[in-house]
Every structure is written in structure tokens, then in C-alpha cells.
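Novice: Okay, handing you the structure first.
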Amino acid sequence: MEHDPELKRYMKLIAVSNRWDQVIFRGCLIGVFTAVGTTIGFALLLLVAGQFVSTFKQVPLLDTILEQTKLDLLIENQLNRLNETPSEGSSGNETPEPATPLIYNNKDLNFSFSYPAYLSSSSENVDDEGNKYVQFTGEGDGIQALDLYTNLDVTVKGLSTQRFANIPDLGRVVVYIYEQGGSVNNEEYNAPIYFAQVNKNGTKVVFVAYGEKDLPKLGREIFTDILETLKFD
């Protein structure tokens, strides 16, 4: 029986395409393009989500939902990772172990709190109003400096949002968040500012922290965590 030459040609092409080397080659191509597509898709999703957060953050209900679920913090962290440039000699998979928090203990006013270990440098300063305060500084993500005032009035101005910190024995304390910056005792800052004050047994404790422009949500969480460790003896 005589076969159609065209049919023979197609059968030969099918045989070649089913060879093991061709199957492996196609599998590699599919895997590579699937991975690339997933990465690009995830990046686009994060960018869209970031725009969503930026656009609607002024809507109180949406802003509250994002904060309570910490979805805004997740988006901020992922966007920040996408924008990072891996350092030389780094595999990009290393996760540093968190250092043990440091403890500040004011024996005169009988209160204490914990704060991140990277804020290891502390000093006593005087602001433009002549008020004395303790400042904690160091190299780390989220908060660049933490100022502690006791029994003093501190004025912070700017466009702010609010959330609450739950402090044992004190209940809920209002936290003021100035993501676009503002002024502290008439001194202007263009970085995120976090402000809260607590009154207990006649003692006023005021916390003011300064964050990083690219990580305002992370600074908010760190500041809130610090407040929630506050204890009065």
C-alpha cells in the first residue's frame, strides 16, 4: 500500500518531537517561562496593591481594615524587597536572627519598657524649648530614633492618623501616626513621626519616634510594640 508523502512527513515530525531530548528541552522552556510569568505577575500585583493602599489610605474604614489585618505592612515589606539591590557576597536567602530587646528602667519614676536592640546608643539631650529628653538611636529598619520625655508637654503637628496600643494595666492608648512628617516642638521633620503619651500615678511619659520614608508601616508596628511593653511598678 502506497503512503501519502505528506503523511510520512508529519509522522516523522511527531517522532522527532517525542524524542527524549526534545521533551526535556520543552519542559525546561515551559518551566522557565512559567517562573518568569509568575514573578512578573506577582510584582504587578504588588504594585497594584501598593497603589491601592496609597490611593485609599485616607478612607478611614479601609485604612483601619488594612492596619488591623496588617496587609499594608505585608505589601510595604514586599515592595521594599523588590526595590532592594542584593549586596555582594549575599545569597539573598539569609534571615538574621532577631537580637534580644534592650530594657530601659527609670528607677526615679518607676517605669520601664523594652525597645529594639539596634537602638543601642542613648544620650540625654535638650530640645529647642529647653526640655530634657533621652534619645535612643542606632542602625536598623523601621525606626531611626526614639525620644523619651517625662513630665513634659510635647507638641506634635501635622496630618495624622490614629490607632491604639494595648498596654497592660493601662488599657488602650492612642498612637498618632504622621506618615508624611510634621513638627515636634516646632522643629520640622520630613520623615514619619509616631507619638503617644501615657499618664500613670502622676507621671507623664511621652514617646516620640522617627521612622524611615520607605517603611512607615514597619515603623508604626515597632513603635506600637514598644508602647505595649511599658510597665509601671
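The values are calculated or read from the model by the stated rules, or taken from the named source; none is laboratory data. Just so it is clear, the model here is predicted, and its values are computed rather than measured. Neighbour counts run over all protein chains shown; Cβ positions are idealised from the backbone, glycine included. Heavy atoms of the whole protein, side chains included, go into the accessibility calculation; ligands, DNA and RNA do not. Shrake-Rupley method; radii C 1.70, N 1.55, O 1.52, S 1.80 Å.
Novice: Using a 1.4 Å probe over the heavy atoms of the protein chains, calculate the carbon and sulfur portion of the accessible area of region 95-233 as a whole percent. Let's see the in-between values first.
Specialist: Values: 3120 of 7270 Å².
Carbon plus sulfur share of accessible area: 43 percent.
Novice: Hey, another quick one. Do the alpha carbons of any pairs in LYS107/LYS217; LYS107/LYS200; LYS132/LYS200; LYS132/LYS213 sit beyond 25 Å of each other, and which pairs?
Specialist: Working: LYS107/LYS217 32 Å; LYS107/LYS200 15 Å; LYS132/LYS200 20 Å; LYS132/LYS213 27 Å.
Beyond 25 Å between Cα atoms: LYS107/LYS217; LYS132/LYS213.
Novice: Ok, one more. Roughly how big is region 144-233's charge dipole about its Cα centre, with Cβ charges of +1 (Lys, Arg) and -1 (Asp, Glu), in debye to the nearest 20? Numbers along the way, then the final one.
Specialist: Values: 9 positive and 12 negative charges, 54 e Å.
Charge dipole of region 144-233: 260 debye, to the nearest 20.
Novice: For ASN201 and GLN162, calculate 0.36 nm times their separation in residues minus their Cα-Cα distance, and state this gained length in nm to one decimal.
Specialist: Details: separation 39, 0.36 × 39 = 14.04 nm, distance 2.48 nm.
Additional length available on full extension: 11.6 nm.
Novice: Now a separate question. Could you work out the relative contact order of region 131-185? I mean the mean sequence separation of Cα pairs under 8 Å and 6+ apart, divided by the number of residues, in percent. Before the final figure, lay out the partial values.
Specialist: Details: 68 pairs, mean separation 16.2, N = 55.
Relative contact order comes out at 29 percent.
Novice: Packing-wise, with mean Cβ within 10 Å as the measure, how do 172-184, 209-221 rank, highest first?
Specialist: Listed from highest to lowest mean packing, they are 209-221, 172-184.
Novice: Could you report region 100-206's accessible area per residue, 1.4 Å probe, as an integer in Å²?
Specialist: Numbers: 5750 Å² over 107 residues.
The answer is 54 Å² per residue.
Novice: Using a Förster radius of 22 Å, what is the FRET efficiency between ASP153 and VAL174 based on their Cβ-Cβ separation? Nearest 0.05, please.
Specialist: Working: r = 16 Å, r/R0 = 0.72.
With a Förster radius of 22 Å, E is 0.85.
Novice: Taking the Cβ of TYR115 as the centre, find all other residues whose Cβ is under 12 Å away and add up their charges (Lys, Arg: +1; Asp, Glu: -1).
Specialist: -3
Novice: Using a 7 Å offset from the Cα along the Cα-to-Cβ direction at both ASN110 and LYS231, what is the distance between the two label points in nm, to one decimal?
Specialist: Spacing of the two 7 Å Cα→Cβ label points: 1.5 nm.
Novice: What is the calculated FRET efficiency for SER183 to SER121, with r their C-beta to C-beta distance and R₀ = 25 Å, to the nearest 0.05? All intermediate terms of the calculation are to be shown ahead of the outcome.
Specialist: Values: r = 24 Å, r/R0 = 0.97.
After rounding to 0.05, the efficiency reads 0.55.
Novice: Please label the shape of region 145-201 as rounded, prolate or oblate, based on the square roots a ≥ b ≥ c of the eigenvalues of the alpha-carbon gyration tensor (a/c under 1.5 means rounded; beyond that, a/b larger than b/c means prolate, else oblate).
Specialist: Details: a/c = 2.52, a/b = 1.50, b/c = 1.68.
Oblate, since a/c reaches 1.5 and b/c is not below a/b.
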